[in-house]
Amino acid sequence: MRRTLLALALVLPLAALARDNDIDKINGTVRVENGQQVGDVSTVNGSVRIGDNATVQKASTVNGSVELGEKSQATEISTVNGSATLGAGSRITGEVGTTNGTIKLGKGAEVAGKVANVNGTISLDAAHVAKGIETVSGSIYVGANSRVEGGILVEKPGGWFNNNSRPPHVVIGPHAVVQGTLEFRREVVLQVSDSAQIGPVKGATPAKFSGDAPSVD
C-alpha cells in the first residue's frame, strides 16, 4: 500500500505539470508546431500560429491574427484586431470571434459554437457552423456545400460603427444550408443560390442566382 501511495505521489505532480502547459507572451508571435498538444495559447501584440494536427485550448491575441492549421483542434479562437483562419478539416468546440478582422473557415472546418465579428468578411468553404453567424458591418459568404445552424444575424450598427454606411453583402452559395432565421437589422444585399436551402428571412429580400456565384454588377 505504501509503495502504491508513493508511486501516486510521484506521478500526480507530473500529471499536473502536463496540464499546466499554457504558452503566454506579451509581444511577438506564438507558434505551436505540427502535432503538438498544449493548453491556452495567447499573446497581446503578435499573432498565433498553430500547426497542422495540433491540439490547443483557447487561442487568443489582441493585436494580431490567429491561424489554425489543417486537422487541428481548439476550444475557442478570439482576437480583437486581426483575422481568424481555420485550416481544412479543423475543429473548434466553442466559438470563433474577432472584433475587427476577417474570419475564414477552410474546407470541411467545423465550429460547434458561434462565429461572430463586428467588421470584416466571414467566409465558409464547405464548412459547418453549429450556432449561427453574427456580424455588424461585415459581409458573409456561406460557400458551396456549407452548413449553418442557428441562422444569421446582421446587427444594426451603433456609435462610431455608423460611419460605415456601405451595406454588407450576404451570399448563400450553391447547395449550402442555413437553418434558422436570417435576420437583418440594417440594409444588406442578400443573394441566395437557387440550389441553397435557407430558413425564414427578416429585414431583407433575397435575390436568387444560378451558377457558382452571383454576377458582379
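Does L153 fit the bill of being in contact (Cβ under 8 Å) with a residue 24 or more places away in the chain and closer than 23 Å to T85 by Cα? Can you show your working first?
Details: in contact (Cβ under 8 Å) with a residue 24 or more places away in the chain: yes; closer than 23 Å to T85 by Cα: yes.
Yes, satisfied.
Anything in the range 52-68 that is within 13 Å of the chain's Cα centre (by Cα) and not in a strand (DSSP E or B)? List them, or say none.
Keep residues of the range 52-68 that are within 13 Å of the chain's Cα centre (by Cα), which gives 58-60, 65-68.
Selection gives S65 alone.
Got at least one residue in the range 187-210 being under 26 Å from E76 (Cβ atoms) and touching an Asp or Glu at 6+ places or on another chain (Cβ under 8 Å)?
Within the range 187-210, none of the residues are under 26 Å from E76 (Cβ atoms) and touching an Asp or Glu at 6+ places or on another chain (Cβ under 8 Å).
Within the range 176-198, track down each residue that is surrounded by 17 or more Cβ atoms within 10 Å (Cβ to Cβ) and farther than 20 Å from K156 by Cα.
Across the range 176-198, the qualifying residues are A176, V178, V192, S193, A196, I198.
Would a scan of the range 151-171 turn up a residue that is buried (at least 19 other Cβ atoms within 10 Å of the Cβ), at positive phi and in contact with a Leu (Cβ under 8 Å, 6 or more places away or on another chain)? Give the derivation first.
Going residue by residue through the range 151-171, those that are buried (at least 19 other Cβ atoms within 10 Å of the Cβ) are 151-154, 168, 170-171.
If we keep only those that are at positive phi too, we end up with 151.
Subset that is in contact with a Leu (Cβ under 8 Å, 6 or more places away or on another chain): 151.
So far as the range 151-171 goes, yes, one or more of its residues are buried (at least 19 other Cβ atoms within 10 Å of the Cβ), at positive phi and in contact with a Leu (Cβ under 8 Å, 6 or more places away or on another chain).
Could you please let me know if V66 is surrounded by 18 or more Cβ atoms within 10 Å (Cβ to Cβ) and in contact with a helix residue (DSSP H, G or I) (Cβ under 9 Å, 6 or more places away or on another chain)? Walk me through it before giving the result.
Details: surrounded by 18 or more Cβ atoms within 10 Å (Cβ to Cβ): yes; in contact with a helix residue (DSSP H, G or I) (Cβ under 9 Å, 6 or more places away or on another chain): no.
No: the conditions fail for V66.
With the condition kept exactly as written, say whether any residue in the range 128-141 is on the phi < 0 side of the Ramachandran plot, in a strand (DSSP E or B), of a type in the set (S, T, N, Q) and without any contact (Cβ under 8 Å) to a residue 40 or more places away in the chain.
Filtering the range 128-141 for residues on the phi < 0 side of the Ramachandran plot gives 128-131, 133-141.
Then drop every residue that is not in a strand (DSSP E or B), which leaves 128-129, 133-135, 140-141.
Retained after the next criterion (residues that are of a type in the set (S, T, N, Q)): 135.
Still in the running and without any contact (Cβ under 8 Å) to a residue 40 or more places away in the chain: 135.
Checking the range 128-141: at least one residue is on the phi < 0 side of the Ramachandran plot, in a strand (DSSP E or B), of a type in the set (S, T, N, Q) and without any contact (Cβ under 8 Å) to a residue 40 or more places away in the chain.
Being surrounded by fewer than 16 Cβ atoms within 10 Å (Cβ to Cβ) and either of a type in the set (S, T, Y) or part of a strand (DSSP E or B) (or both) is the filter here, so list the residues in the range 199-217 that pass it.
K202, T205, A207, K208, S210, S215
For the range 80-97, enumerate the residues that are open to solvent by less than 10 Å² (accessible area, probe 1.4 Å) and assigned to a strand (DSSP E or B). Give the derivation first.
First, the residues of the range 80-97 that are open to solvent by less than 10 Å² (accessible area, probe 1.4 Å): 84, 86, 90, 92, 96.
Of everything in the range 80-97, those that are open to solvent by less than 10 Å² (accessible area, probe 1.4 Å) and assigned to a strand (DSSP E or B) turn out to be A84, L86, I92, V96.
All but one of (1) over 26 Å from P174 (Cβ atoms); (2) surrounded by 24 or more Cβ atoms within 10 Å (Cβ to Cβ) hold for V111; state the number of the condition that does not hold.
(1)
The values are calculated or read from the model by the stated rules, or taken from the named source; none is laboratory data. All values reported here derive from a predicted model rather than from experimental measurement. Quick reminder, even Gly has a Cβ in these numbers, built from the backbone with ideal geometry, and neighbours come from all protein chains shown. Protein only, heavy atoms only, side chains kept; ligands, DNA and RNA dropped before computing areas. Shrake-Rupley method; radii C 1.70, N 1.55, O 1.52, S 1.80 Å.
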